[in-house]
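This report concerns only the one structure given below.
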Amino acid sequence: MLLLMDTANIKEIKQSIEMYPIDGVTTNPSIIAKEKRDFIELLKEIRDIIGYDKMLHVQVISQKADEIVEEAKYINKEIGGNFYIKIPVIPEGIKAIKMLKGEIKTTATAVFTPQQALIAAKSGADFVAPYVNRLDNISANGIKVVSDIVKLINIYNFNTKVIAASFKNVEQIYGVCMAGAHAITVNYDMINQMIFHPMTDWSVLQFVKDWENFYGNKKIRT
Ligand SMILES: O=C[C@H](O)COP(=O)(O)O
């Protein structure tokens with residue numbers, strides 16, 4: 001299972017890379033704009049922090065295939081390393097995914113249906129990114145959509161991986177993992193929530209208390 005951070009915030013990226021087993025970073029134009037920084041300069045800083053081996057997914061802005069391809073080539077040249085260009089699954093985006101096959105790795109994004117994922121996978125996308133919480137918010141079932149996409153990819157033996165995105169609670173994350181999503185991308189709040197449990201904190205406190213009752217301030221290693 002691949003675990004990526006859905007953020008462009010330098011502090012959050014540094015902290016999560018230090019604490020957790022992170023495989024890379026995903027961004028989108030909204031996430032990037034929040035940082036109020038020069039686009040390429042910010043991406044270069046992220047690349048420096050995560051190194052050249054971890055994945056960095058960056059989204060295009062253009063909506064015409066030729067321009068999407070040009071943007072993809074430009075960002076890839078500037079950033080380098082293990083790079084994926086994120087392309088929305090509009091028709092021109094699908095065309096661009098086909099055009100980039102064999103040249104730049106692609107993540108088909110803004111996926112809301114298994115049918116979109118199927119076309120993106122057949123076009124050669126390396127990842128498809130269904131938006132779980134945004135689906136749940138429109139009374140659809142995000143986990144079911146992810147589960148169906150995973151099934152379709154297996155039925156047709158595509159090399160495409162599912163990177164489930166857009167989470168607002170850990171139950172959604174658990175659901176997509178049980179459905180066999182190959183990767184998840186989560187924000188800083190979600191990664192911390194994934195590891196949090198009040199009983200864990202209570203248990204740790206209790207262990208320390210019991211130790212101190214007998215050993216006082218004595219450490220295990222003096
Ligand atoms: O790039 C896609 C994001 O993961 C969407 O997440 P969001 O619905 O929390 O904005």
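The values are calculated or read from the model by the stated rules, or taken from the named source; none is laboratory data. No experiment lies behind these values; they were computed from the predicted model shown. Quick reminder, even Gly has a Cβ in these numbers, built from the backbone with ideal geometry, and neighbours come from all protein chains shown. Side chains are part of the model used for accessible areas, which takes the heavy atoms of the whole protein and leaves out ligands, DNA and RNA. Shrake-Rupley method; radii C 1.70, N 1.55, O 1.52, S 1.80 Å.
Among the lysines of region 62-109, pairs that are 8 or more positions apart or on different chains and have alpha carbons within less than 18 Å of each other number 18.
Treating the beta-carbon of each Lys and Arg as +1 and of each Asp and Glu as -1, no other charges, what is the dipole magnitude of the chain about its Cα centre, to the nearest 20 debye?
On the way: 26 positive and 25 negative charges, 54 e Å.
Once rounded to the nearest 20, the dipole reads 260 debye.
The local environment of A183, defined by Cβ-Cβ distances under 12 Å, has a net charge of -2 under the rule Lys, Arg +1 and Asp, Glu -1.
For the chain, what does the helix formula give at 222 nm: sum of -39500 (n - 2.57) over DSSP H segments with n ≥ 4, over the residue count, nearest 500 deg cm²/dmol? Before the final figure, lay out each step's value.
Numbers: 11 runs with 115 residues, N = 222.
Per the formula, -15500 deg cm²/dmol.
Annotation: peptides 210-221, 27-38, ranked by per-residue average of other Cβ atoms within 10 Å with the highest first, follow the order 27-38, 210-221. Rolling a 1.4 Å probe over the heavy atoms of the protein chains gives the chain an accessible area of 56 Å² per residue. Protection proxy ranking, highest mean first, for peptides 96-106, 136-146, 162-172: 162-172, 96-106, 136-146, where packing is the per-residue count of other beta-carbon atoms within 10 Å, averaged.
Once Rh for region 118-175 is found with the Kirkwood sum over Cα pairs, what is the Stokes-Einstein diffusion coefficient at 20 °C and 1.002 mPa s, in µm²/s? Diffusion coefficient, whole number: 184 µm²/s. G80 sits among other residues whose Cβ lies under 10 Å from its own Cβ, and their net charge, with Lys and Arg +1 and Asp and Glu -1, is +2.
Ignoring any ligand, DNA or RNA, what whole percent of the accessible area of the chain comes from carbon and sulfur when the probe is 1.4 angstrom? Carbon and sulfur: 54 percent of the exposed surface of the chain. In plain terms, the C-alpha convex hull of the chain casts an average shadow of 15.0 nm² when viewed from every direction. Could you tell me the distance between the Cα centroids of region 20-35 and region 158-175, to the nearest Å? Cα centroid of region 20-35 versus Cα centroid of region 158-175: 15 Å apart. Taking every alpha-carbon pair under 8 Å whose residues sit at least 6 apart, the chain reaches a relative contact order of 16 percent.
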